[in-house]
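These notes are about the structure you will find just below.
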Amino acid sequence: MTTLVTGGTGFVGLNLLEQLLGRGDEIACLAVNPLPTAAARDFAKLPGKLHVIRGDVTEAGSIDDAIARHRCRRIIHAAAITAGTARDESEPARVVEVNLLGTINALQAARKANIEQFVYPSTGGHFGEAGLNVGHLLDEETDHPLPNSMYGISKYAAERTVLRLGALWSMDVRVGRVAVVYGRWEYETGVRDAMTTILQATRLAMTGGEAVFPKLGPADWIYSVDIARALMTLLDAATTKHRLYHLAIESPFDMMAWCARLQERYPAFRYRESERSDECNIAPLAPFRVPFSGRRLREEFGFVPRFAIDAAFDDYLRWMALHGQDVGDVARPQ
C-alpha cells in the first residue's frame, strides 16, 4: 500500500521518508524541491521503495496525478511554508495559498481517490498569545489557538478545514499538532525562514564560536525521528478516538541544557543568554510557547518518544559527523 507524502523533501518530510522507507513502505513523495543528494544516497540503502515527483500542492492536478500514478491509499500532507515576519509582510498570499489552499487541494484529491487515511501535521506555532504564560501544559480540549502570524493563521485555518471537510465528506482525517522539532535533515529549503535555535547553536559549537540568545525558557523539543514516529502512529492506527492530537515529548528542556552538552563536546564553544536583542546571534522563528501535553497520544496508543535530550544529542552529533553541517548538495529547481 503506497503512501503519498506531500512536502516530502522538507525537514519533517525527510524524516517521514526515512522512517517509512526504513520499515519497507512504498512512498510517493510530492514536493517542489528535489531530494537532497545526501538523502538520496541514504534512502537508497533502505528496504522501502521511493518515487519522487516534482510538483506543487497549489496545483490540484499534481496531487491527483501522483495519487493515480502510484495508486496511493494514504496521505500525509506535510507541505507548508514556515514563514517568518519578513515573509508575512512580503508574501502573505503565497503563505495562505500553500498552507490553506494547498491543503484544500489535497483534501479534494483524497476524497476523489477514496483515500483511506489523511494525516495532517499541524503546528504548535499557531497558539500565538494563547500559548504564553499559561500555568499548565497545553491540552487539546481546553486550550485554543490565537494565531498572530500568517504562518499560524494559515496553518490553523488549514487544521480547522481538515476537521470540517473530513466531517462533511466522511473522511478519516487525523491531525497531529507538531511540537518544536529539531534533529536530522534540517536544512535551508527555501520554505522555512529560520533554522531551529538548536541547529544554529550546534553549528556555532562545531566552529568554536559563541552562541548568544534571549532567555527562551523550556520548550517541548521533540527529536525529528520521534515526530516522524508520532505521525506514523496516527497513520497506522486502524481507528482513532479523536481527530486531534498533540505530538510532544513531555520532557521540555531549554537552550542552556543543550548548549551545556555542546560545550562538553566542543570545549572552545561559549554560550550565554542576553536581554539585548542587538547582540543575540541566535533567535527563534517565533516566541516559544508553553509546552504541549502529550497525554492523549500516550494514553491511546502507548506512544513513548525514544529520544530524550541525551539520546537525541548523541544521535544528532553522530548524524552531523556523517553529513556535515547541512545535508549537502541540493539541486535547486530551474
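Listed values, structure above:
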| quantity | calculated |
| --- | --- |
| Meets criteria (of a type in the set (A, V, I, L, M, F, W, C), surrounded by fewer than 18 Cβ atoms within 10 Å (Cβ to Cβ), out of contact with any Pro (no Cβ under 8 Å at 6 or more places or on another chain) and within 21 Å of TYR187 (Cα to Cα)) for ALA38 | no |
| Tally, over segment 288-317, of residues that are surrounded by 17 or more Cβ atoms within 10 Å (Cβ to Cβ) and under 29 Å from LEU146 (Cα atoms) | 11 |
| Among the candidates ALA31, ALA80, residue that is more than 20 Å from VAL173 (Cα to Cα), touching a residue at least 12 places away in the same chain (Cβ under 8 Å) and in contact with a helix residue (DSSP H, G or I) (Cβ under 9 Å, 6 or more places away or on another chain) | ALA31 |
| Of the criteria (1) touching an Asp or Glu at 6+ places or on another chain (Cβ under 7 Å); (2) of a type outside the set (S, T, N, Q); (3) on the phi < 0 side of the Ramachandran plot; (4) touching a residue at least 12 places away in the same chain (Cβ under 8 Å), which one VAL225 fails | (1) |
| Qualifying residues in segment 155-188 (those that are of a type in the set (Lys, Arg) and free of Cβ contacts under 8 Å to residues at least 40 places away in the same chain) - the one surrounded by the most Cβ atoms within 10 Å (Cβ to Cβ) | ARG160 |
| Options ARG23, ARG71, ARG54: the member that is surrounded by fewer than 18 Cβ atoms within 10 Å (Cβ to Cβ), touching a residue at least 24 places away in the same chain (Cβ under 8 Å) and on the phi > 0 side of the Ramachandran plot | ARG71 |
| Of residues in segment 232-281 being modelled with pLDDT of 95 or more, β-branched (Val, Ile, Thr) and assigned to a loop (DSSP other than H, G, I, E, B), the one nearest to VAL212 (Cα to Cα) | THR240 |
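The values are calculated or read from the model by the stated rules, or taken from the named source; none is laboratory data. The shown structure was predicted, so the numbers you read here are calculated from the model rather than taken from an experiment. Note that we place each Cβ from the backbone using ideal geometry, even for glycine, and neighbour counts take in every protein chain shown.
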